[in-house]
Amino acid sequence: MTDALDHRLNAFRPDLADARLKGRVEADRFVEGMPARVSAPVTPLKRFPRPDAMAETEALFGEDILVFETTPEGWAWVQLEDDSYVGWMSSDALGERDAAPTHRIIAPRTLVFPGPDIKLPPLFALPMGARVTVAAEAVDHNARYGLIRPAGAIVTQHLGAPNEAADDFVSVAERFLGAPYLWGGKTFMGIDCSGLVQVACRMAGITAPRDTDMQERSLGTRLAGVEGLERGDLVFWKGHVGIMVDGANLLHANAHHMMTAIEPLAETLARTEEKGLPVTSVRRMAR
């Protein structure tokens, strides 16, 4: 009964499932997801509730989630509301949904100061795409700040409206050049290939799923091959994706460079073909 449902995007296990899936899956118990919001700057989402389990994606500060279970060991089984991804995260990263976010971070990374003064030691940093609630503004001789809930100050040039859309998702992706490669990562501190595509698309107002196979099925329209490529075309391999910055060069977070890099597509093709990994498709995003 569960074969048709992707476990990454639907919360179901033999012992517990999302009440919305009743009649579609078998489970010992069905529960309503409890609304919550991510309160940590960034937190990994894992397939298994273990510290050593591989992270499959990340949840960002201010992101709305549904919680289906919490354990005495400090884990929460959740679903991200943005892209529907399901997994385990630390219960310490759970917060309440209070005032709705008013802004999101538009810089690759910003510092949160304890007050409106850039000389104060920062409390923590927030990644691009994190959402914050600005309760007031302040200014000093250095900058203008948004004062966020529950506490902290962020320079206003790093804040954008929640639905503010960049003109070009490739330009957003280019801001991650040099970011270290991290499986499951979605921030400038560590990002993977599909995370780069998802974050860049989202900041440009384009809904994008999390993983390469999902992106290959749903983003853009299929092209015949790798000839005549343009800026913004997506090139897919099994388990990998890159973004064309022009007709010849590819931008991708990759394990060869162990960072987000731009290189000639011809070099990428030679390397992947040597490994027996041909291009599986090329997709053109809408202009």
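By how many nm would the segment from ALA151 to SER90 lengthen if fully extended, with 0.36 nm per residue of separation less the alpha-carbon distance?
Full extension of this stretch gives 19.8 nm more.
What is the dipole size for the chain, taken about its Cα centre, with +1 at each Lys and Arg Cβ and -1 at each Asp and Glu Cβ, in debye to the nearest 20?
Rounded to the nearest 20 debye, it is 180 debye.
Got the relative contact order for the chain handy, in percent, Cα pairs under 8 Å and 6 or more residues apart?
Reported as a whole number, the value is 12 percent.
Show me, for segment 157-162, the HN-Hα J-couplings you get by feeding each phi into the Karplus relation (A = 6.51, B = -1.76, C = 1.60, θ = phi - 60°), rounded to Hz, glycine and proline as x.
Whole-Hz 3J(HN,Hα) from phi for segment 157-162: 5, 9, 10, x, 5, x.
Note the per residue figure in Å³ for the convex hull of the C-alpha positions in the chain.
149 Å³
I'd like to compare 94-100, 151-157, 227-233: which one has the highest average count of other Cβ atoms within 10 Å, and what's the full order after that?
Ranked by mean Cβ neighbours within 10 Å, highest first: 151-157, 227-233, 94-100.
Identify the residues of segment 207-236 with backbone N under 17 Å of a label point that sits 7 angstrom from the Cα of GLU263 along the Cα-to-Cβ direction, or state none.
235-236
With Cβ to Cβ distances under 9 Å as the rule, what net charge do the other residues near THR43 carry (K, R +1; D, E -1)? Spell out each step's value before the answer.
Numbers: positive: none; negative: GLU58, ASP92.
Net of charged neighbours comes to -2.
Could you give me the ³J(HN,Hα) list for segment 120-128, computed from phi with Karplus coefficients 6.51, -1.76, 1.60 and θ = phi - 60°, whole Hz, x at Gly and Pro?
Whole-Hz 3J(HN,Hα) from phi for segment 120-128: 6, x, x, 6, 5, 10, 10, x, 4.
Kindly rank 168-176, 44-52 from highest to lowest mean number of other beta carbons found within 10 Å of each residue.
Sorting 168-176, 44-52 by mean packing, highest first, produces 168-176, 44-52.
How many angstrom separate the Cα center of segment 221-287 from the Cα center of segment 1-55?
Here the answer is 32 Å between Cα centres.
Summarise the long-distance tail of P(r) for segment 1-126 by giving the % of C-alpha pairs beyond 19 Å.
Here the long-distance tail beyond 19 Å is 53 percent of all Cα pairs in segment 1-126.
Of THR57, HIS7, VAL86, which is farthest on the positive side of the dipole of segment 1-113, counting Cα position, with +1 on Lys and Arg Cβ, -1 on Asp and Glu Cβ, and the Cα centre as origin?
The residue sitting most towards the positive pole is THR57.
Mind listing the long-range amide H neighbours of GLY33? Cut-off is under 5 Å, sequence gap 5 or more, other chains count too, H placed in the peptide plane at 1.01 Å from N.
Residues meeting the criterion, in which the H sits 1.01 Å from N, are ALA19.
Using only alpha carbon pairs under 8 Å that are at least six residues apart, calculate the relative contact order of segment 1-105 and give it in whole percent.
Numbers: 210 pairs, mean separation 27.4, N = 105.
Once normalised by length, the contact order is 26 percent.
No value in this document is a laboratory result; all are computed from the given coordinates. Note that this is a predicted model, so its numbers are computed, not measured. Every residue, glycine among them, receives a Cβ derived from its backbone with ideal geometry; neighbour counts consider all protein chains shown.
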